[in-house]
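*Asks:* Mind looking over this structure? Questions follow.
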Amino acid sequence: MPAPEKRNTVIEVHWESAVTWAIVGLISLILGLILYFYFGNIRVGIKNATSFDFSSFAWPLLALAPLAFMYAGYRVWASRREPSVLASCPYCNYEMEFTTVPEDDFTCDSCHRRVPVLDGRVLEVHGVTCGYCGHVNYMSEKTLVLICEDCDREIPLLNPDTGEMRHLPRGFARVDDDGVYELVLVAEGKEKEALITSLQHMLALNRNQLRSMLESLPVTLLTGIPRRKAEMLKAQVEASGGTAEFKLIGKQDQAAQQTSV
Ligand SMILES: [Zn+2]
Ligand SMILES: [Zn+2]
């Protein structure tokens, strides 16, 4: 699908062409007149032996000039006849003018975000806070994969109709079950300090405690947590270069489920 064309871009193209052809017309006219009036019977060759009439070169130029002017005029006329379709940016409400109904995503001229379009309709967007860094990102019903604008990590998205993941980020699995899990750190990876920072957010331990904990892997980080939390924390560990696994250790009892809903 071609990218939707903004009306002012289309008009600019018309005007660029109109100006170019008007200049071509003007130059042809001037050159033609100069040749016609000043370059008849010029003597060339040794001792000006030959007389040559350059004015015959004037005619093609004088014929081209009105054609170029006419085409320039046509482009100006065409630019005025371009239809106008308004679409406003769902992020900043900036209004943009198109020549046709936009059928594909376009970039907002004001905030430079991609505006999602589905079946000729600009979609609404919703703010989603990144679970890793807290930055607010935007998504629409078309968004399958949401990468945080600030920390470049993938934010897992649930489909509100089915409760399933729209897209499974690496390290994520199916959600929604009533099991309880434990999260085990298997390997620390290359970025040890980043991993420690990440674990600090997760566990109520200081850096020294975490450092000594990392000396004897594998180690259980958390236990008795629901699957969704285990998946989220596993992804956080993996975003910091570590390797984590979660294991089913039991089922939530009925009472606990009711309070957690
Ligand atoms: Zn915008
Ligand atoms: Zn983020």
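*Asks:* Looking at the stretch 128-150, is at least one residue of a type in the set (D, E, K, R), in a loop (DSSP other than H, G, I, E, B), out of contact with any Cys (no Cβ under 8 Å at 6 or more places or on another chain) and away from ligand 1 (no atom under 15 Å from the Cβ)?
*Replies:* Yes: one or more hits.
*Asks:* Please work out which one of (1) among the polar types (S, T, N, Q); (2) surrounded by fewer than 19 Cβ atoms within 10 Å (Cβ to Cβ); (3) closer than 22 Å to L158 by Cβ is the condition T220 fails and give its number.
*Replies:* (3)
*Asks:* Here is a further query. Looking at (1) more than 30 Å from E124 (Cβ to Cβ); (2) at pLDDT below 85, which is the only condition R174 fails?
*Replies:* Only one criterion in (1) more than 30 Å from E124 (Cβ to Cβ); (2) at pLDDT below 85 is unmet by R174, namely (1).
*Asks:* Among what's in the stretch 101-114 and is free of Cβ contacts under 8 Å to residues at least 60 places away in the same chain and assigned to a strand (DSSP E or B), pick the residue that is farthest from ligand 2 (Cβ to nearest atom).
*Replies:* In this case the residue turns out to be T107.
*Asks:* Out of all the residues in the stretch 141-152, which are out of contact with any strand residue (DSSP E or B) (no Cβ under 7 Å at 6 or more places or on another chain) and crowded, with 18+ Cβ neighbours inside 10 Å?
*Replies:* We begin by selecting, within the stretch 141-152, every residue out of contact with any strand residue (DSSP E or B) (no Cβ under 7 Å at 6 or more places or on another chain); these are 141, 143-144, 150-152.
Listed by number, the list holds a single entry, T143.
*Asks:* Inside the stretch 90-100, can you point out the residues that are within 16 Å of T9 (Cβ to Cβ) and either within 16 Å of ligand 2 (Cβ to nearest atom) or in a loop (DSSP other than H, G, I, E, B) (or both)?
*Replies:* Y94, T99, T100
*Asks:* Ok, one more. Please find, within the stretch 115-125, the residue that is nearest to ligand 2 (Cβ to nearest atom) out of those that are part of a strand (DSSP E or B) and surrounded by 13 or more Cβ atoms within 10 Å (Cβ to Cβ).
*Replies:* V115
*Asks:* Condition first: within 21 Å of the chain's Cα centre (by Cα), closer than 30 Å to T197 by Cα, free of Cβ contacts under 8 Å to residues at least 12 places away in the same chain and within 16 Å of ligand 2 (Cβ to nearest atom). Can you find one or more residues in the stretch 137-144 that meet it?
*Replies:* Scanning the stretch 137-144, I find no residue that is within 21 Å of the chain's Cα centre (by Cα), closer than 30 Å to T197 by Cα, free of Cβ contacts under 8 Å to residues at least 12 places away in the same chain and within 16 Å of ligand 2 (Cβ to nearest atom), so the answer is no.
The values are calculated or read from the model by the stated rules, or taken from the named source; none is laboratory data. Computed from a prediction, not measured in an experiment: that's the story for all the values here. Methodologically, a virtual Cβ is constructed for each residue, glycine included, from the backbone with ideal geometry; neighbour enumeration extends over all protein chains shown.
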